[in-house]
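**Student:** Dropping a structure here in structure tokens format, bear with me for questions.
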Amino acid sequence: MDMLIIRGGIPLAGNVRLAGAKNASLPIMAASIAVSGLSQLRRVPHLADVSTLTQVLESLGAVVTRDLSTGELAISPPHATTGIADYDLVRRMRASVCVLGPLLARWGKAVVSLPGGCNIGHRPIDLHLKGLVALGARIRIERGYVHAEATRLHGAEIYLGGPFGSTVTGTANIMTAASLARGMTRISAAACEPEIVDLGNYLNAAGARITGHGTPVIEIEGVDELHGVEHEVIPDRIEAGTMMIAAAATCGDVFIEDAQPRHLSAVIDILRQIGVSIEPSSTNDGRMGLHISGAAHLNPADCTALPYPGVPTDLQAQLTALLCLVPGISVITDKVFPDRFMHVPELLRMGAQIRREGASAIIAGPAHLSGTNVMASDLRASAALVIAALAAEGESVIRRVYHLDRGYEKHDEKLRQLGAQIQRTTDHPEALPDSLRMTGESSMEQHKVQEIPGRFTQPIQNPLAKPHFLSDGYAIARPMVSQSDDSSGPVADL
Ligand code: EPZ
């Protein structure tokens, strides 16, 4: 298992090129099961999740060939299939559930494991199943598997809105299935993400008749068959957002090649509010993108993650890390995954001041982040910890970076290209930098970072402090604070 060692405090600078979008590639690869010809896909990112879905498709009888140098991936659909997507593969990656609709539509049967628990919160698939039943599927859940059958799906009127708004992979599953259903389907409260538009464009290129993809109302006139197709996947807007935030957090100067402003309007808006300069720009050879330059003085912000076109929940953790560095009180709320705050305890370990309140995190800044050992818990939390480490004083070690590799192609290499001091190594005590080796005295020394003269000499007037009880019990992890500030104890306990 790998870990990353990062020495912080270096402004990122230079050009970086985006990979293809993970969240477009996965539903498109799953949809290829419903296509009766070869799918030739370009710009598919080299990610662990893509490899897992490749295994799912191969277990269903497809033949997948990949050219890592060009990012091309070709999928020949199965001649016959069991229709079974087993637990061991689906539990590794929830998006595997996207094979359900395509299998049903093309093969009339599917047995797909229910996706298990997830670190970012409760993630049912009831809307997926509701939509497939509306299209005429017979579905039962048995021993943790969805068993679905249908002679031929038929068109339907489907409302896909849920308690947290639309569902992205739910829309992908239903839109693909309806492409081969008899008659018209109308999906309302559909997800509008650019990845759904990309899937709709792929299916239309294969002969589907889809309109309205990218809007809350999608109409699909079913066809009898989808034919072989070539398609280039869109650039990854979440990778773009992550790089934009990393540039801002390190006061850097970065050009992100292929970043599409129209996919990032809410992200550009909130970063400009924070004080980051963002301008469309191009390279000498005409490649378009966004130029990001951080500012010494940033403004606090009140930000809410929402379904597209709102600020993506997949950038909430990274924005939380950035706002820790900003003077004043910021609030970040996640209205898509209200419990998606696994990054907070680790940011606290680096010296951040955050208090959780329901679906929000209240952040007091500027925090003086200092390097330490932290643990990644999920894909975007790991990206947030990398950003915090790039902005922190000293060295950080980030463990369980397999989470990062699930969704970012060569992330550490790209950051090195931008001047970051970042090293990937095997997770072994011997590999730990001296500054983070826990040897008796040194652990106390290390923890005293909080008391850098002049920074914490006067009591922390902590606007976040709850007068008489701790929230979420985080405070206990930061006993050092009480040594340096006033005796009001709980006040300083976040
Ligand atoms: C997609 O997940 C993305 N994954 C997620 O990105 C992203 O966070 C999410 O959309 C929201 O933007 C892929 O595209 C592969 P949802 P998905 O169904 O489709 C609730 C990343 O980091 N809901 O849109 O699984 C659900 O619990 C990943 O790259 C139901 O209640 O998300 C959530 O609160 C993480 N019932 C909300 O809707 C359902 O049947 C949105 O979920 C389905 C969802």
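The values are calculated or read from the model by the stated rules, or taken from the named source; none is laboratory data. This is a predicted model, so every value here is computed, not measured. Don't worry about glycine lacking a Cβ; one is built from the backbone with ideal geometry, like all the others, and counts go over all protein chains shown.
**Student:** Is it the case that LEU271 is of a type in the set (A, V, I, L, M) and over 23 Å from the mean Cα position of the chain (by Cα)? Spell out how you get there, then give the answer.
**Tutor:** Details: of a type in the set (A, V, I, L, M): yes; over 23 Å from the mean Cα position of the chain (by Cα): no.
Criteria not met by LEU271.
**Student:** Take region 115-144 and flag every residue that is more than 11 Å from the ligand (Cβ to nearest atom) and either outside any helix (DSSP H, G or I) or not assigned by the TED database to the domain that holds LEU26 (or both).
**Tutor:** Correct list: GLY116, GLY117, LEU135, GLY136, ALA137, ARG138, ILE139, ARG140, ILE141, GLU142, ARG143, GLY144.
**Student:** Can I ask one more? With the requirement that a residue be of a type in the set (S, T, N, Q), buried (at least 17 other Cβ atoms within 10 Å of the Cβ) and part of a strand (DSSP E or B), what does region 183-229 give you?
**Tutor:** THR185
**Student:** Give region 183-224 a look and list any residue that's touching a residue at least 40 places away in the same chain (Cβ under 8 Å), within 13 Å of the ligand (Cβ to nearest atom) and among the small types (Gly, Ala, Ser), or say none.
**Tutor:** The one that is touching a residue at least 40 places away in the same chain (Cβ under 8 Å), within 13 Å of the ligand (Cβ to nearest atom) and among the small types (Gly, Ala, Ser): ALA191.
**Student:** Moving on. Which residue is surrounded by the most Cβ atoms within 10 Å (Cβ to Cβ), if the candidates are limited to region 318-338 and must be closer than 12 Å to ILE363 by Cβ and within 16 Å of the ligand (Cβ to nearest atom)? Reasoning before the result, please.
**Tutor:** Pass one, region 318-338, residues closer than 12 Å to ILE363 by Cβ: 319-333.
Applying the additional criterion that residues be within 16 Å of the ligand (Cβ to nearest atom) yields 319-321, 332-333.
Details: LEU319: 28, THR320: 28, ALA321: 30, ILE332: 24, THR333: 18.
Selected residue: ALA321.
**Student:** Considering region 161-182 alone, what residues qualify as being within 14 Å of the ligand (Cβ to nearest atom), touching a residue at least 24 places away in the same chain (Cβ under 8 Å) and surrounded by fewer than 24 Cβ atoms within 10 Å (Cβ to Cβ)?
**Tutor:** We begin by selecting, within region 161-182, every residue within 14 Å of the ligand (Cβ to nearest atom); these are 161-176.
Filter once more, so that each one left must be touching a residue at least 24 places away in the same chain (Cβ under 8 Å): 161-162, 164-176.
GLY161, GLY162, PHE164, GLY165, SER166, VAL168 - these are the residues of region 161-182 that are within 14 Å of the ligand (Cβ to nearest atom), touching a residue at least 24 places away in the same chain (Cβ under 8 Å) and surrounded by fewer than 24 Cβ atoms within 10 Å (Cβ to Cβ).
**Student:** On to the next question. Looking for whichever is loosely packed, with under 14 Cβ neighbours inside 10 Å and either modelled with pLDDT of 85 or more or among the basic types (Lys, Arg) (or both) here; the options are ARG437, ARG416. Which one fits?
**Tutor:** Details: ARG416 fails: loosely packed, with under 14 Cβ neighbours inside 10 Å.
Result: ARG437 is the single residue among ARG437, ARG416 that is loosely packed, with under 14 Cβ neighbours inside 10 Å and either modelled with pLDDT of 85 or more or among the basic types (Lys, Arg) (or both).
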